[in-house]
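The values are calculated or read from the model by the stated rules, or taken from the named source; none is laboratory data. Predicted model only: the values in this text are computed from it and were never measured. Here the Cβ positions follow ideal geometry from the backbone for every residue, glycine too, while neighbour counts run over all protein chains shown.
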Amino acid sequence: MKQKEIYIDPSLNLETQRMVEKYFAIKTVVGIEGFVYSEGEFLKRYKNSYMMNDLRTASFYAIYQVDHCENCRQSYELLINSRSQLSNYIQASHKICNTCLCYQASTENFLGYRMK
Ligand SMILES: [Zn+2]
């Protein structure tokens, strides 16, 4: 799973755009991709800033490329809005693409049950 690109609403203030870039900035150490700034460092720097406030309504995300769907084996892209969403995804036991997810959901509906 690799970060491909970061999307930030271009109408946002430049400082806020830079802050989002820093939030998602990654470095690769011994082949493992990680964030440049820790969540703590980041908060310390931007807590109570107007940029942080801007983010509440801003549109931004990082696009991640996932090597393969566990169901159809195709690679796919994933939009990530926050680090917690990313870590939840990394820890998820079953990683499948949206196409398979939709198919699975409709099959479950058809069969009359849902996985909790
Ligand atoms: Zn799939």
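Quick test of your reading of the structure: ILE80 fulfils all but one of (1) surrounded by 12 or more Cβ atoms within 10 Å (Cβ to Cβ); (2) within 12 Å of the ligand (Cβ to nearest atom). Name the failing condition by number.
Unmet condition: (2).
In the stretch 7-28, is there at least one residue being among the aromatic types (Phe, Trp, Tyr) and either surrounded by fewer than 17 Cβ atoms within 10 Å (Cβ to Cβ) or touching a Pro at 6+ places or on another chain (Cβ under 9 Å) (or both)?
First, pick out the residues of the stretch 7-28 that are among the aromatic types (Phe, Trp, Tyr): 7, 23-24.
The next check asks that each one be either surrounded by fewer than 17 Cβ atoms within 10 Å (Cβ to Cβ) or touching a Pro at 6+ places or on another chain (Cβ under 9 Å) (or both); those that pass are 7.
Yes, some residue in the stretch 7-28 is among the aromatic types (Phe, Trp, Tyr) and either surrounded by fewer than 17 Cβ atoms within 10 Å (Cβ to Cβ) or touching a Pro at 6+ places or on another chain (Cβ under 9 Å) (or both).
Assess whether ASN88 counts as being free of Cβ contacts under 8 Å to residues at least 40 places away in the same chain and either part of a helix (DSSP H, G or I) or within 16 Å of the chain's Cα centre (by Cα) (or both). Spell out the reasoning first.
Details: free of Cβ contacts under 8 Å to residues at least 40 places away in the same chain: yes; either part of a helix (DSSP H, G or I) or within 16 Å of the chain's Cα centre (by Cα) (or both): yes.
For ASN88, the condition - free of Cβ contacts under 8 Å to residues at least 40 places away in the same chain and either part of a helix (DSSP H, G or I) or within 16 Å of the chain's Cα centre (by Cα) (or both) - is met.
Going by the conditions given, is ILE63 under 19 Å from the mean Cα position of the chain (by Cα), modelled with pLDDT under 95 and away from the ligand (no atom under 12 Å from the Cβ)? Working first, answer last.
Numbers: under 19 Å from the mean Cα position of the chain (by Cα): yes; modelled with pLDDT under 95: no; away from the ligand (no atom under 12 Å from the Cβ): yes.
For ILE63, the condition - under 19 Å from the mean Cα position of the chain (by Cα), modelled with pLDDT under 95 and away from the ligand (no atom under 12 Å from the Cβ) - is not met.
Take the residues in the stretch 1-59 that are within 28 Å of GLN74 (Cβ to Cβ) and assigned to a loop (DSSP other than H, G, I, E, B), then tell me which one is farthest from the chain's Cα centre (by Cα).
GLY31
Could you grab the pairs with beta carbons closer than 9 Å, sequence gap of 6+ or different chains, first residue in the stretch 94-116 and at pLDDT below 80, second one in a helix (DSSP H, G or I)?
Matching pairs, first to second residue: ARG114/ALA105; ARG114/GLU108; MET115/GLN104; MET115/GLU108.
Tell me which residues, restricted to the stretch 88-103, are more than 9 Å from the ligand (Cβ to nearest atom) and either of a type outside the set (A, V, I, L, M) or surrounded by 14 or more Cβ atoms within 10 Å (Cβ to Cβ) (or both).
Here is the first cut: in the stretch 88-103, the residues more than 9 Å from the ligand (Cβ to nearest atom) are 88-95, 102.
The answer is ASN88, TYR89, GLN91, SER93, HIS94, LYS95, CYS102.
Given the residues PHE60, PHE110, which is the only one that is of a type in the set (Phe, Trp, Tyr) and exposed (fewer than 12 other Cβ atoms within 10 Å of the Cβ)?
Result: PHE110 is the single residue among PHE60, PHE110 that is of a type in the set (Phe, Trp, Tyr) and exposed (fewer than 12 other Cβ atoms within 10 Å of the Cβ).
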